[in-house]
Amino acid sequence: MTGDDPREESASGEPTTGEPLTDGGAAGADDVALDPWGSSSVSDYRNLFEEFGIEEFDEVLEEVPNPHYLMRRGVIFGHRDYRPVAEALQNDEPAAVLSGFMPTGDPHIGHKLVFDEIIWHQQQGADAYGLIADLEANAARGMSWAEIDEHARDYLLSLLALGFDPEEGELYRQSTNRELQDLAFELGAEANFSEFQAIYGFDGETDVSHMQSVVTQMADILYPQLEEPKPTVIPVGPDQDPHVRLARDLAERMRFFKVSEAYASFELEPDERALVAAFYERLEPEAFDDEQLRCVHVAEALEETPLSEIEADADTLRSVLTKLEEAGMEPVRPRTRFFDRRATDEAFDALIDAIDGEKRVYESHIDAFEIDRAAAEELAREVEVETGGYGFQPPSSIYHRFMTGLTGGKMSSSIPASHISLLDDPEDGYDKVKAATTGGRETAEEQREKGGKADECPVYELYAYLLTGDDDEFAKRVYDECVGGERLCGDCKEQAAQLMKEFLAEHQEKRAEVEDLLEEADIELESPRRR
Ligand code: TRP
Ligand code: SF4
């Protein structure tokens with residue numbers, strides 16, 4: 001996929017066959033394609049864990065203070081590295097949340113998930129950012145500036161109406177944020193075309209502005225850390241995961257120093273290091289006469305140990321032996337190593353001064369003997385920030401399930417009946433829910449006997465994702481009554497349709513009320529660009 005097709009897709013989640021909420025994983029056989037500009041369809045969420053290394057949200061849930069109902073119900077199903085954010089929220093330490101919206105159409109109930117996620121984090125104390133991805137909409141979707149302005153306004157009104165506090169948080173559009181673009185330029189120096197090709201399928205036909213919109217998004221993701229490094233979460237649909245991974249890489253590449261652990265002057269790969277660490281413990285260094293355990297001693301011990309007792313493959317063993325033998329009589333001593341990756345001379349010197357205790361300085365690294373890994377990481381970041389670096393922490397992400405279309409299949413903004421726009425007339429919202437497909441059986445009789453298939457029902461999703469709000473008992477009641485055969489689709493849809501109508505009416509009233517708030521907010525509503 002070249003990524004050039006102006007098709008559906010967005011951070012906030014359009015597509016797919018929706019997945020059950022209750023099985024925490026969902027079955028399905030299709031391939032997973034994570035393409036930010038394609039029509040991602042995710043029908044097997046388990047694959048995302050196995051194939052892409054996304055972690056299960058359930059595993060961090062306990063560490064989250066007052067978890068949002070989308071977290072409790074498994075709608076937010078996955079994350080990357082969310083722990084530091086949860087921890088910061090818990091301890092009232094600095095944290096940030098940021099997400100972006102491409103103003104290509106009306107905001108709909110899929111986007112509401114992301115609005116809610118931003119707002120919830122803001123309410124838990126995080127610095128909150130909502131951005132309008134107007135450069136991306138123009139470059140990747142060919143939207144005109146007039147269309148962009150109109151949609152941008154609609155997104156912002158809904159975000160405010162749902163509770164975003166613009167005085168505490170920040171709203172911006174990519175095209176008018178100078179600092180953002182400076183950061184994008186700097187990040188661009190750390191990325192190249194081959195990489196974009198591999199990640200996004202860009203090719204010789206991809207226009208340069210589209211590529212620029214990628215570095216802009218990288219800058220968006222790191223923007224909350226310009227002031228100071230802090231845990232930052234990016235709530236998005238899983239189609240945005242390639243962006244998150246690249247941003248995490250770039251954050252790392254921008255760092256001045258890389259901290260690692262070593263035992264002697266030479267470098268070790270992670271599995272080699274584990275092997276040396278194990279033997280270092282086993283050999284009891286104190287037992288050596290001059291208190292000097294030497295590299296050859298470790299090599300000898302390794303050679304005397306039966307292969308079956310060594311937890312490493314043959315290649316690892318061979319290369320460790322070579323390194324140890326070459327180092328010969330060099331003492332083995334655990335140390336923390338600071339590599340100079342892109343530090344200025346000033347920063348390198350400042351780090352040397354900042355390291356307490358015994359240290360050895362080399363051409364492009366420093367070994368410290370009295371400071372552990374965690375303290376070293378902290379020190380490296382501190383020195384970097386003091387000497388003009390960013391000290392970025394790798395950004396975290398959380399992923400929500402895509403909603404099923406009301407007509408089955410994907411929820412898509414180009415098929416009006418498949419989604420409910422936040423701007424839909426409440427009566428139309430009512431009608432759309434009434435006309436939705438369900439997980440019901442052929443006949444009422446069969447439904448009473450076997451129960452409905454709530455896990456495959458777009459109407460049940462509406463209850464769980466939106467209509468029951470924070471009321472878990474209500475959501476559970478709908479589910480239990482459905483699968484227990486006590487609930488029939490006609491009444492169930494009538495209730496959902498009614499709730500949808502009320503939600504839309506209330507939301508639209510609030511949108512009208514926050515018009516002033518938007519006028520006062522520090523964001524340009526009209527683009528000076530007109531082509
Ligand atoms: N690419 C996102 C989309 O397709 C929009 C976006 C731009 C974004 N910058 C972002 C999302 C930063 C999250 C974080 O909708
Ligand atoms: Fe869906 Fe409600 Fe019918 Fe169950 S009873 S299948 S939840 S519409």
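What the table shows:
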item	result
Helices (runs of 4 or more DSSP H) wholly inside the stretch 1-91 containing at least 3 residues that are surrounded by fewer than 20 Cβ atoms within 10 Å (Cβ to Cβ) and modelled with pLDDT under 95	45-52
Test: residue in the stretch 516-527 that is within 16 Å of ligand 1 (Cβ to nearest atom) and not hydroxyl-bearing (Ser, Thr, Tyr)	yes
Search result, residues across the stretch 507-531 that are in a helix (DSSP H, G or I) and in contact with a helix residue (DSSP H, G or I) (Cβ under 9 Å, 6 or more places away or on another chain)	HIS507, GLN508, GLU509, LYS510, ARG511, ALA512, GLU513, GLU515, LEU517, LEU518
Selection count, the stretch 408-420, where residues are touching a residue at least 40 places away in the same chain (Cβ under 8 Å) and touching a Ser or Thr at 6+ places or on another chain (Cβ under 8 Å)	7
Count - residues of the stretch 79-108 that are within 16 Å of ligand 1 (Cβ to nearest atom), in contact with a helix residue (DSSP H, G or I) (Cβ under 7 Å, 6 or more places away or on another chain) and not hydrophobic (A, V, I, L, M, F, W, C)	10
Scan of the stretch 419-437 for residues that are touching a helix residue (DSSP H, G or I) at 6+ places or on another chain (Cβ under 8 Å), open to solvent by 50 Å² or more (accessible area, probe 1.4 Å) and either of a type in the set (Val, Ile, Thr) or farther than 26 Å from HIS68 by Cβ (or both), ordered by number	ASP425, GLU427, ASP431, LYS434, ALA435, THR437
Unique residue being touching a residue at least 12 places away in the same chain (Cβ under 8 Å) and open to solvent by less than 10 Å² (accessible area, probe 1.4 Å) when the list is ARG337, ARG248, ARG273	ARG337
Out of GLU136, GLU186, sole residue that is open to solvent by less than 40 Å² (accessible area, probe 1.4 Å), in a helix (DSSP H, G or I), acidic (Asp, Glu) and in the same structural domain as LYS230 (by the TED database)	GLU136
Matching residues in the stretch 370-418 - criterion: being part of a strand (DSSP E or B), open to solvent by 10 Å² or more (accessible area, probe 1.4 Å) and touching a helix residue (DSSP H, G or I) at 6+ places or on another chain (Cβ under 6 Å)	THR404
Residue selected from the stretch 423-477 under the condition farther than 18 Å from HIS507 by Cα, among the small types (Gly, Ala, Ser) and in a loop (DSSP other than H, G, I, E, B), by the criterion nearest to ligand 1 (Cβ to nearest atom)	ALA436
Filter result (within 15 Å of LYS476 (Cβ to Cβ) and either at pLDDT below 95 or near ligand 2 (Cβ under 6 Å from one of its atoms) (or both)) within the stretch 442-456	GLY452, ALA454, ASP455
Every pair of residues 6+ apart whose Cβ atoms lie under 6 Å, when the first sits in the stretch 53-69 and is touching a residue at least 12 places away in the same chain (Cβ under 8 Å) while the second is acidic (Asp, Glu)	TYR69/ASP470
Every residue from the stretch 359-369 that is in contact with an Asp or Glu (Cβ under 6 Å, 6 or more places away or on another chain) and either in a loop (DSSP other than H, G, I, E, B) or buried (at least 17 other Cβ atoms within 10 Å of the Cβ) (or both)	SER364, PHE369
Sole exception among (1) over 29 Å from HIS507 (Cα atoms); (2) open to solvent by 40 Å² or more (accessible area, probe 1.4 Å) for ASP106, by number	(1)
Considering residues of the stretch 460-509 that are aromatic (Phe, Trp, Tyr) and more than 8 Å from ligand 2 (Cβ to nearest atom) only, the residue least open to solvent (accessible area, probe 1.4 Å)	TYR465
Unique residue being surrounded by fewer than 19 Cβ atoms within 10 Å (Cβ to Cβ) and more than 16 Å from ligand 2 (Cβ to nearest atom) when the list is GLU195, GLU170	GLU195
Inter-residue pairs, beta-carbon under 6 Å, first at pLDDT 95 or above and in the stretch 139-162, second among the aromatic types (Phe, Trp, Tyr), 6+ apart	TYR155/PHE101; LEU159/PHE115; LEU162/PHE115
GLU269 being more than 30 Å from ILE119 (Cα to Cα) and assigned by the TED database to the domain that holds ALA96	no
Residue check for GLN181: open to solvent by less than 60 Å² (accessible area, probe 1.4 Å), modelled with pLDDT of 95 or more, in a helix (DSSP H, G or I) and not aliphatic (A, V, I, L, M)	yes
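The values are calculated or read from the model by the stated rules, or taken from the named source; none is laboratory data. Here the structure is a predicted model, which is why all the values come from computation and not from measurement. With ideal geometry, Cβ positions are generated from the backbone for all residues, glycine too; neighbour counts draw on all protein chains shown. Heads up: the accessible areas ignore ligands, DNA and RNA and are worked out on the full protein's heavy atoms, side chains in. Shrake-Rupley method; radii C 1.70, N 1.55, O 1.52, S 1.80 Å.
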